[in-house]
Amino acid sequence: MTSLTHLDDTGAARMVDVGAKAVTTREAVATGRISMTPAALALVRDAAANKGDVLAVARVAGIMAAKRTAELIPLCHPLPLSRVAIDLAVLDDGVAVTATCATTGRTGVEMEALTAVSVALLTIHDMVKAVDKAMVIDGIRLLSKSGGKSGDWTATDVG
């Protein structure tokens, strides 16, 4: 069984010491989606929501969230992100969000990518909740990560 790195020998929470780890280029990709009614989706697709261009605001929110992940996740290291890309795809029944985060550092950017997706989706929800209170956010997951001691990883069930 793999030990949990964020717990010390007594079971207390701790921030992992990454000082001795090699500096490598690291990237992570995460995704998630939000489903909604056709009326809400039309407002999103047509940039016609009362609060403004939903997709543009969600993209900026995702980028901002990635940059502030260490302030939100207690044991996360602050990272100098070299890239954050938020891709939004309008689907037949909602919106898919994919975030790619990259850095050159001693620890990975998985949490930044997951946080970016989560906040982008929450922003979409916030901006059109007046039209559809029953929207569903789901499928938030890591798709891939590269770099670091543990090497590359890709989800096998991304379908």
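Only Lys, Arg, Asp and Glu count, each charged at its Cβ (+1, +1, -1, -1), so figure out the dipole size of segment 32-159 about its Cα centre, rounded to 20 debye.
Values: 13 positive and 13 negative charges, 81 e Å.
Charge dipole, segment 32-159, about its Cα centre: 380 debye, nearest 20.
Axis angle, to the nearest 10 degrees, between helix 54-67 and the longest C-alpha principal axis of the chain: 10 degrees. Normalised by residue number, the volume inside the convex hull of the Cα atoms of segment 16-159 is 102 Å³ per residue. A straight Cα-to-Cα reach below 29 Å connects Lys51 with the lysines Lys67, Lys129, Lys133, residues fewer than 8 places away in its own chain not being considered.
For the chain, the longest principal axis of the Cα atoms and the long axis of helix 110-128 meet at an angle of about 20 degrees.
The value of relative contact order for segment 1-103, using C-alpha pairs under 8 Å at least six residues apart, is 34 percent.
Surface exposure of the chain, expressed per residue as accessible area with a 1.4 Å probe, stands at 56 Å². Please report, as a whole percent, how much of the solvent-accessible surface of the chain comes from carbon and sulfur atoms (probe radius 1.4 Å). Roughly 58 percent of what the probe reaches on the chain is carbon or sulfur.
The values are calculated or read from the model by the stated rules, or taken from the named source; none is laboratory data. This is a predicted model, so every value here is computed, not measured. Cβ coordinates were reconstructed from backbone atoms using ideal geometry, including for glycine residues, and neighbour counts include every protein chain displayed. Ligands, DNA and RNA are stripped out before the accessible areas are found, and what is left, the full protein with its side chains, is counted by its heavy atoms. Shrake-Rupley method; radii C 1.70, N 1.55, O 1.52, S 1.80 Å.
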